[in-house]
Amino acid sequence: MKWEKLNKDTVAFTFDTLEGFDTSVYVIEKKDRIYVIDTFCGPEAMLPIIEAFPSMKTKEVVVINTHFHWDHIWGNNAFKDKEIISHHLCKQLIIDQWHRQINENSKYQMGDVQMIVPSHTFVDKLEWDDGMLLFHSPGHTRDSISVYDQETGLLIVGDNLEMPLIYVEAQDLEAYVATLIKYKTLNPEKITASHTLHIEKYMLEETILYLEALKVEKSITFKDENKQLIHKTNLKKIGRLDN
Ligand SMILES: [Zn+2]
């Protein structure tokens with residue numbers, strides 16, 4: 001696991017244990033609160049992060065799940081007595097998909113993975129007095145939320161942006177594009193995504209173009225083999241096996 005300071009308040013911890021997918025967990029430390037964004041594959045992965053922030057013992061800890069996927073929530077057990085926040089759909093999806101996700105990816109569990117569901121959920125947005133804002137940002141999945149630190153301008157988008165190409169799981173492409181346009185409107189200082197630590201502005205534009213092309217069912221072929229594979233997976237997910 002590597003770590004990198006993204007700004008005065010934020011550290012990204014990046015794990016390389018899932019082949020081909022670097023995955024980051026973020027800690028944002030404010031005056032009275034300390035936010036943990038996503039919990040990766042298990043409580044064992046969270047231990048060094050908890051250790052790195054002794055202030056978690058004294059400050060209010062707010063854990064955020066960006067969406068229901070296993071590689072973002074399995075470490076919730078490390079924070080079972082803390083406040084865990086997600087979109088209201090996320091909580092339901094964690095419950096509904098728990099066994100399937102465990103069965104399909106059990107080898108990636110790190111430590112005692114238990115179903116710890118969010119203790120608080122919201123529908124549109126949630127805001128704190130220290131400038132932290134959570135908002136519903138459907139795209140990659142229906143329950144995806146984004147974290148915006150209005151003080152530093154850091155936008156954490158979960159799996160809504162990713163290089164070389166996004167994984168589209170929800171079928172509502174219109175909503176996905178609307179979310180990305182909202183990201184543009186915010187004009188963030190920096191964008192970071194769970195599987196791509198540094199998102200450049202052009203990646204946001206490229207992703208919008210890709211989704212627009214998918215929307216109008218334009219036939220798309222990528223020269224890059226990996227991108228083409230992801231694209232095919234996306235076509236399957238949205239119920240379209242064209243070409
Ligand atoms: Zn995901």
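What follows draws every value from the coordinates through simple rules; no lab data is involved. What you see is a predicted model, and the numbers here were worked out from it, not measured in a lab. Every residue, glycine among them, receives a Cβ derived from its backbone with ideal geometry; neighbour counts consider all protein chains shown.
Summing +1 for each Lys or Arg and -1 for each Asp or Glu, what net charge is found among the other residues whose Cβ lies under 14 Å from the Cβ of residue 76? Numbers along the way, then the final one.
Working: positive: 80, 82, 91; negative: 38, 44, 71, 81, 83, 112.
Residues close to residue 76 contribute a combined charge of -3.
Given Cα positions, please report Rg to Rh for the range 2-237, the hydrodynamic radius being the Kirkwood one.
That ratio equals 0.95.
Please list 20-28, 214-222 highest first by mean number of surrounding beta-carbon atoms within 10 Å per residue. Let's see the in-between values first.
Values: 20-28: 19.3, 214-222: 11.6.
Ranked by mean Cβ neighbours within 10 Å, highest first: 20-28, 214-222.
Sticking to Cα atoms, compute the Rg of the range 168-243 to one decimal and its Dmax as the biggest Cα-Cα distance, whole number, in Å.
So, for the range 168-243, Rg and Dmax equal 13.1, 39 Å respectively.
Find the relative contact order for the chain and round it to a whole percent, using C-alpha pairs within less than 8 Å whose residues are 6+ positions apart. Please list the in-between numbers first.
On the way: 454 pairs, mean separation 34.1, N = 243.
Once normalised by length, the contact order is 14 percent.
What is the distance in Å between the Cα centres of the range 204-243 and the range 76-149?
27 Å
Calculated FRET efficiency, residue 21 and residue 128, Cβ-Cβ r, R0 25 Å, to nearest 0.05?
Values: r = 30 Å, r/R0 = 1.20.
In this case the efficiency is close to 0.25.
Under a point spin-label approximation (7 Å from Cα along Cα-to-Cβ), what is the residue 221-residue 115 distance to one decimal in nm?
4.5 nm
Students often check this: by mean Cβ neighbours within 10 Å, which of 65-77, 92-104 ranks highest, and how do the rest follow? Working shown, then result.
Numbers: 65-77: 26.1, 92-104: 14.4.
Packing proxy ranking, top to bottom: 65-77, 92-104.
Could you list the trypsin sites (Lys or Arg not before Pro) in the range 24-62 that lie in coil according to DSSP, counting only those with at most 12 other Cβ atoms within 10 Å of their Cβ?
Details: sites: 30, 31, 33, 57, 59; in loops: 30, 31, 59.
In loop regions of the range 24-62 (DSSP not H, G, I, E or B), the sparsely surrounded trypsin sites (Lys or Arg not before Pro) are 31.
Each residue of the range 53-63 in order: what ³J(HN,Hα) in whole Hz does its phi give by Karplus 6.51 cos²θ - 1.76 cosθ + 1.60, θ = phi - 60°, with x for Gly and Pro?
Per-residue couplings from phi come out as 10, x, 5, 5, 6, 10, 8, 5, 9, 10, 9 Hz.
Taking Cα pairs under 8 Å and at least six residues apart, what relative contact order does the range 88-170 come out at, in percent?
On the way: 92 pairs, mean separation 17.8, N = 83.
22 percent.
Sorted from fewest to most neighbouring beta carbons within 10 Å, what does the list 123, 157 look like?
Numbers: 123 9, 157 27.
Least to most surrounded, the residues fall as 123, 157.
Dipole magnitude of the chain about its Cα centre, charges +1 at Lys/Arg Cβ and -1 at Asp/Glu Cβ only, in debye to the nearest 20? Numbers along the way, then the final one.
Working: 27 positive and 38 negative charges, 46 e Å.
Charge dipole of the chain: 220 debye, to the nearest 20.
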